[in-house]
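The numbers here are math on the coordinates, done by the rules we state, and not lab data. The model shown is predicted, which means the values in this text are computed figures rather than measured ones. Using ideal geometry, Cβ is built from the backbone for each residue, glycine included, and neighbour counts are taken over all protein chains shown.
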Amino acid sequence: MSIAENVARIRAEMEAAAIAAGRDPKQILLCAATKMNDADAVRQAIAAGVDCCGENRVQELVAKLADNAYEGAPVHFIGHLQTNKVKQVVGKVDLIQSVDSLRLLEAIQKEAAKQGIIQDILLEINVGNEESKTGMPLEEFPKILEQMSNFGNVRLRGLMTIPPICENSTDSRKFFQEIYNLAVDIRAKKDDNIRVDVLSYGMSDDFQEAIACGSTMIRVGTAIFGARDYGKSHP
Ligand SMILES: *Cc1c(COP(=O)(O)O)cnc(C)c1O
């Protein structure tokens, strides 16, 4: 199947999942997770109408930006970001989805202030509290939220999560629901400085469940581009 056919199929599945959940399909964006796929594949996904692209590695982001691979679509950073690499990402992407520590937030603030811009971000939550996963522990989150007003060059737009791999959809729903409830709690506080409109969760294997649990952005790699070849060297 071509990338265009895959995107069309995913769109139809997104729409069906949204309607089944009583939601407007237009509220859910499709982010193509482009890691290990080359500029040509990225261009095909954009031509097929994905809403944005998400890149995981700074090195790939820099190479594809230099290649104008993302022309026509916003680009997001979705991978683990080291503080010493923020310079290559801040101001280069529309949204950094994977802000997972106060230290990283401080580094992004510093760089955004230096550039005189406001950088949009999501806070990434480690909802399963897994050792191996990125994202901040749920307990740390209120602390960071309290400090958001100190970061004048960073604009919080929402939350992102990668839940643990679940054997059944009931389990993944439990994790998605936890993040959704967190967003509902934050919104109930009606703090003008804090917006959590974007809820980024759901990937190739679980996006239907994510949509049932309020996701506004799914990040899909394999179902668009096919299986990633970890044996081959990548850009
Ligand atoms: C790779 C990746 C995805 C997409 O995963 P698939 O299972 O291939 O759809 C989504 N989000 C992040 C952060 C990723 O690294």
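Structure notes:
- Qualifying residue in segment 141-158 (condition: hydrophobic (A, V, I, L, M, F, W, C) and touching a Phe, Trp or Tyr at 6+ places or on another chain (Cβ under 7 Å)): no
- If you go through segment 140-176 and pick out every residue that is under 30 Å from LYS110 (Cα atoms), within 14 Å of the ligand (Cβ to nearest atom) and out of contact with any helix residue (DSSP H, G or I) (no Cβ under 7 Å at 6 or more places or on another chain), you end up with 2.
- Enumeration of residues in segment 203-216 that are in contact with an Asp or Glu (Cβ under 8 Å, 6 or more places away or on another chain), within 13 Å of the ligand (Cβ to nearest atom) and within 13 Å of ARG23 (Cα to Cα): GLN208
- Odd one out for ILE179, checked against (1) more than 15 Å from GLN97 (Cβ to Cβ); (2) out of contact with any helix residue (DSSP H, G or I) (no Cβ under 6 Å at 6 or more places or on another chain); (3) within 16 Å of the ligand (Cβ to nearest atom): (1)
- Yes/no for SER149 being of a type in the set (S, T, N, Q) and within 18 Å of SER200 (Cβ to Cβ): no
- Matching residues in segment 177-202 - criterion: being without any contact (Cβ under 8 Å) to a residue 40 or more places away in the chain and either in contact with a strand residue (DSSP E or B) (Cβ under 8 Å, 6 or more places away or on another chain) or of a type outside the set (S, T, N, Q) (or both): TYR180, ALA183, VAL184, ASP185, ARG187, ALA188, LYS189, LYS190, ASP191, ASP192, GLY202
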